[in-house]
Amino acid sequence: MEKVTGIGGVFFKAKDPAAMSAWYEKHLGIDPVPSDYETQPWSQQAGFTVFAAFPADTDYFGKAEQSWMINFRVNDLSAMVAQLRQAGIAVEVDPETYPNGLFARLQDPEGNPIQLWQPA
C-alpha cells in the first residue's frame, strides 16, 4: 500500500493572512510561504507527528466552534514559554509531566488553539 510521507502543509483561513503569517514567524519561528519557487519553505525537524480525529463535541481545543488545533514540537518548552510571555502572549503550561513529554497551550491572534510539546 502506498502511504503519505508526511505533512506537506497546514492551511487555514485568517482575517489578515499577512499579519497572521508575520505573527507565526516572529513568535514561533515559522517562515512565511515564499513568493517564488527558488526559495525553500520552512522546514521542520524530523520527528513524530500525531494525526488524530477527535469527537465533534470535544472541548480539548478550547471553544466549541474550534474544529482544529495544531501541535508544534519544541526543544525547550520552558524557554519557549518564557519567550512568548515576554512578548505579552498568554501561555498555559500543563503542570503534569506525561510519559510522552511536556505541554503548553496558547492562541494565535485570531484565537486558533496552539499546543506546544516538548517530547520526552
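A few notes on this one:
- Lone unmet requirement of (1) part of a loop (DSSP other than H, G, I, E, B); (2) modelled with pLDDT of 95 or more for Gly9: (2)
- Filter result for Val50 (within 27 Å of Ala120 (Cα to Cα) and open to solvent by 50 Å² or more (accessible area, probe 1.4 Å)): yes
- Against the numbered list (1) within 16 Å of Asn112 (Cα to Cα); (2) without any contact (Cβ under 8 Å) to a residue 60 or more places away in the chain, Ser43 comes up short only at (1).
- Matching residues, region 15-61, being aromatic (Phe, Trp, Tyr) and not in a helix (DSSP H, G or I): Tyr37, Trp42, Phe48, Phe51, Phe54, Tyr60, Phe61
- Residues of region 68-120 classified as in a helix (DSSP H, G or I) and surrounded by fewer than 18 Cβ atoms within 10 Å (Cβ to Cβ), total: 6
The values are calculated or read from the model by the stated rules, or taken from the named source; none is laboratory data. This one's a predicted model, so the numbers in the text were calculated from it and none came from an experiment. All Cβ positions, glycine included, derive from the backbone under ideal geometry; neighbour counts span all protein chains shown. Ligands, DNA and RNA are stripped out before the accessible areas are found, and what is left, the full protein with its side chains, is counted by its heavy atoms. Shrake-Rupley method; radii C 1.70, N 1.55, O 1.52, S 1.80 Å.
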